[in-house]
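Everything below concerns the one structure shown next.
The values are calculated or read from the model by the stated rules, or taken from the named source; none is laboratory data. From a predicted model like this one, the values you see are computed outputs, not experimental measurements. FYI the Cβ positions are ideal-geometry reconstructions off the backbone, even for glycines, and counts take in every protein chain you see.
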Amino acid sequence: MNPSAEALRATFGGAIGRAVESCGDTIVYVDRAALLDVMAWLRDTPGQQYDYLVDVTAVEYRDRERPLELVYNLRSLERRTDLRVKVELDPRGDLAIDSVVALWRGADWLEREVYDMFGVTFRGHPDLRRILMWETYAEGYPLRKDFPLRGRFSRAEQVRQALNANPEAHYSMEELSIAEAYDELPPDMRERLRRGERDKIPNSE
Amino acid sequence: MKRVLETKEVSGQSPNYLLAKFQDLIDWAVNSSRANSLWPMPFGTACCAIEFMATAASRYDFARFGMERQAFSPRQADVLICAGRLPFKLAPVIRRIYDQMPQPKWVISMGACASTGGIFDNYAMVQGIDTIVPVDVYVPGCPPRPEGLLYGVLLLHKKIRGESLFDRTPRRDEQPLDERGLRLPPEQIDEISEPFGNSIHQFRSG
């Protein structure tokens, strides 16, 4: 058992749920409201120093009684130690939680993926939008257990929506390599980019 | 031109015999040129692209069949080779690449996923690129061996040699998207995309 689990319990008391050991890894369950404090403490306290957020993901179980789990894999590069922090959410309730992007910049895309696949909203995320599916995707959150394997729409409707999508609209202007050259683009291309669903164009009025 | 077409249909008769022979000669010359200098536009999205690269490399070397230069721009390409699975997110991309290719153009659908969706019978994957662009040759396999792709290319040669400049019926690859933005009627897309094989045992949940 990772000693961080005991240290967490001594510091945060009731906000820390059970701690279990699985395959040599320590899993600590944390209350949703205390997540940001716990994470900041784990990152900044001497002796903890979990400076690397390896992954953020989520699990929904087939057993409908089990809660949806949000999983944070932490690693201390300094101390060469791993810790897994889990938060339990009610899949039928409000799937909202504080974002940890302020602590680890790398959580940005990881949380976007969890939002895209599970519909968990991260409060305080700087740019929370879909990352794998396109932004106008209207069928829901594909990795949820109530999501049908082949999607909610008919295949023809899926093809229609896909063919009517604007390929450039999947990216913000900041992500496009032409963003810096926006002023030099031909007017029709500029107009096409302007019409995209992104609606985030620098240097526009 | 319509009159020329009519004369071809009665080519057995003496006044038009030489004209028909002349047309055949032109067709032979044009089709041989086209078939023997196909420039492929590789659209590799998955493991099929690895086999495609093997086909292009020295051991199998499809330059032997006229595919000397791979056109990485659709503007200089004759045949679009979709090697690999196609997610819905890439569907408008392959359609735009196809639209950008000049006539005459052909499409090879390489591998099970490009042809039918393959094992990816799920929410994210196009169930056969023929719902997006017209396909001339389907190469089965997961992924197909280079011999398979070469055989597909030779089949395409055969198809090209059977075309005629004097056949004025509209080419099916000139069919644009309709007002719904679809290439085929919706019910036909649903039918093409129906599960088959092992996927019929997987049902929609929820």
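The set of residues from region A:79-101 being under 14 Å from the mean Cα position of the chain (by Cα) and free of Cβ contacts under 8 Å to residues at least 40 places away in the same chain comprises A:95, A:96, A:99, A:101. Every condition in (1) assigned to a helix (DSSP H, G or I); (2) within 16 Å of residue A:37 (Cα to Cα); (3) of a type in the set (Lys, Arg) holds for residue A:112 except the one numbered (2). Would you say residue B:90 is under 22 Å from residue A:137 (Cα atoms) and crowded, with 22+ Cβ neighbours inside 10 Å? So residue B:90 does not fit the description; no.
Which of the residues belonging to region B:119-147 are over 15 Å from the mean Cα position of the chain (by Cα) and either hydroxyl-bearing (Ser, Thr, Tyr) or away from every other protein chain (no Cβ under 14 Å) (or both)? The answer is B:123, B:141, B:142, B:143, B:144, B:145, B:146, B:147. For region B:61-72, does any single residue satisfy the condition of being more than 14 Å from chain A (Cβ to nearest Cβ), under 24 Å from residue B:180 (Cα atoms) and modelled with pLDDT of 90 or more? Among the residues of region B:61-72, not one is more than 14 Å from chain A (Cβ to nearest Cβ), under 24 Å from residue B:180 (Cα atoms) and modelled with pLDDT of 90 or more, which makes the answer no.
Scanning region B:1-45 for residues that are at pLDDT below 85 and either among the polar types (S, T, N, Q) or part of a loop (DSSP other than H, G, I, E, B) (or both) turns up B:1, B:7, B:10, B:11, B:12, B:13, B:14, B:16. The set of residues from region A:92-117 being crowded, with 20+ Cβ neighbours inside 10 Å and within 14 Å of chain B (Cβ to nearest Cβ) comprises A:116, A:117. One residue stands out in region B:94-135 among those that are part of a strand (DSSP E or B) and either small (Gly, Ala, Ser) or in contact with a Gly (Cβ under 6 Å, 6 or more places away or on another chain) (or both): the one that is surrounded by the fewest Cβ atoms within 10 Å (Cβ to Cβ), namely B:125. Would you check if residue A:17 is modelled with pLDDT under 90 and part of a strand (DSSP E or B)? Against the criterion (modelled with pLDDT under 90 and part of a strand (DSSP E or B)), residue A:17 qualifies. If you go through region A:134-170 and pick out every residue that is more than 7 Å from chain B (Cβ to nearest Cβ) and in contact with a Pro (Cβ under 7 Å, 6 or more places away or on another chain), you end up with 0.
One residue stands out among those in region A:43-71 that are among the hydroxyl-bearing types (Ser, Thr, Tyr) and in contact with a Lys or Arg (Cβ under 7 Å, 6 or more places away or on another chain): the one that is surrounded by the fewest Cβ atoms within 10 Å (Cβ to Cβ), which is A:52.
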